Structures are given as structure tokens and as C-alpha cells.
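A short worksheet on the structure shown next.
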Amino acid sequence: MDNQNMGYSRSNRYNTQTGTRQQSGEIKFGRNSFFDGGLLDLILLSIGGAIMTVLTVGILYPWALCLVYGWKINHTVIDGRRLHFSGKAIGLFGNWMKWLGLSIITVGIYSFWVQIKLEDWKIKNTSFVN
């Protein structure tokens, strides 16, 4: 199925400064900010990640997070510009070990900051494709 049949299009915008037409990005159903991921993909990624995490006693949890983060971010378009996630599980694993160590040393107090650090890492590894 092509993009036109799914409601996707690219619009052209006239730039008055240069006198040329420019592509303004992706549009879906008349909106230039949207999410185009499917439910089945999310379910399969989540189940697969959970199974791998359980079978490896949590060692592959950063890998599972990267799979889900990548899927969500790569299927997001903001103002006609698609996002791209470039984070790697090995990079997250190193941070994860550091955060675990700090949480153990501080008797769990640092764990309150782990969610913020995780969001910061995710945003640091997110960029626009176009």
C-alpha cells in the first residue's frame, strides 16, 4: 500500500524570500504532527522485550528499552519533520550500571533521579531526519 492511500503526503510551501517552493515535510490526514506506529508492532516489541528481560534476569533490559524507544520515536513526526532515535543498547547499559551503582551506594535515594537521567539520555539520542 502506498503512502497516498494511507493518508500521507508531502506539501510544498512557497518561500517568499527566495522565490522557490520548499517541501514542508510529511503530512498525514491533513496534520503535520502525528504518530504512525501500529498497535501490533508495539505489542510484539513489548512482549519480546519482556521475555528477553526475564530470560536474562534483567541484563537485556536496556536493549528492550532501546527497541521500544526507537520504535516510538522513529514513528513520530513533529511539524512535518520525522524524528530519529540513534541510541544504542550498549551506551544505555553503561549508564544503567552507573545508575544502579549510585542507587545502591545512596540506599535507593539516587533511584528518584534515574527516570530523569533516562529521559535525558533518550532526548540526547533523538534528532530530526530531515
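The values are calculated or read from the model by the stated rules, or taken from the named source; none is laboratory data. Only a predicted model underlies this, so the values are computations on that prediction, with no experimental measurement involved. Neighbour counts run over all protein chains shown; Cβ positions are idealised from the backbone, glycine included.
In table form, for the structure just shown:
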{"read-out": "Subset tally (residues that are without any contact (Cβ under 8 Å) to a residue 40 or more places away in the chain and touching a His at 6+ places or on another chain (Cβ under 9 Å)) for segment 34-49", "value": "3"}
{"read-out": "Residue 110 being touching a Ser or Thr at 6+ places or on another chain (Cβ under 9 Å) and farther than 27 Å from residue 25 by Cβ", "value": "yes"}
{"read-out": "Selection within segment 91-117 - in contact with a helix residue (DSSP H, G or I) (Cβ under 8 Å, 6 or more places away or on another chain) and among the aliphatic types (A, V, I, L, M)", "value": "92, 109, 114"}
{"read-out": "Qualifying residue in segment 2-12 (condition: of a type in the set (A, V, I, L, M), surrounded by 12 or more Cβ atoms within 10 Å (Cβ to Cβ) and either at pLDDT 95 or above or not assigned by TED's automatic domain parsing to the domain that holds residue 121 (or both))", "value": "no"}
{"read-out": "Verdict on residue 101 being closer than 28 Å to residue 37 by Cβ and among the small types (Gly, Ala, Ser)", "value": "no"}
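Matching residues to (1) buried (at least 17 other Cβ atoms within 10 Å of the Cβ); (2) without any contact (Cβ under 8 Å) to a residue 60 or more places away in the chain:
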site: 51; (1), (2): no, yes
site: 57; (1), (2): no, yes
site: 61; (1), (2): yes, yes
site: 69; (1), (2): yes, yes
site: 80; (1), (2): yes, no
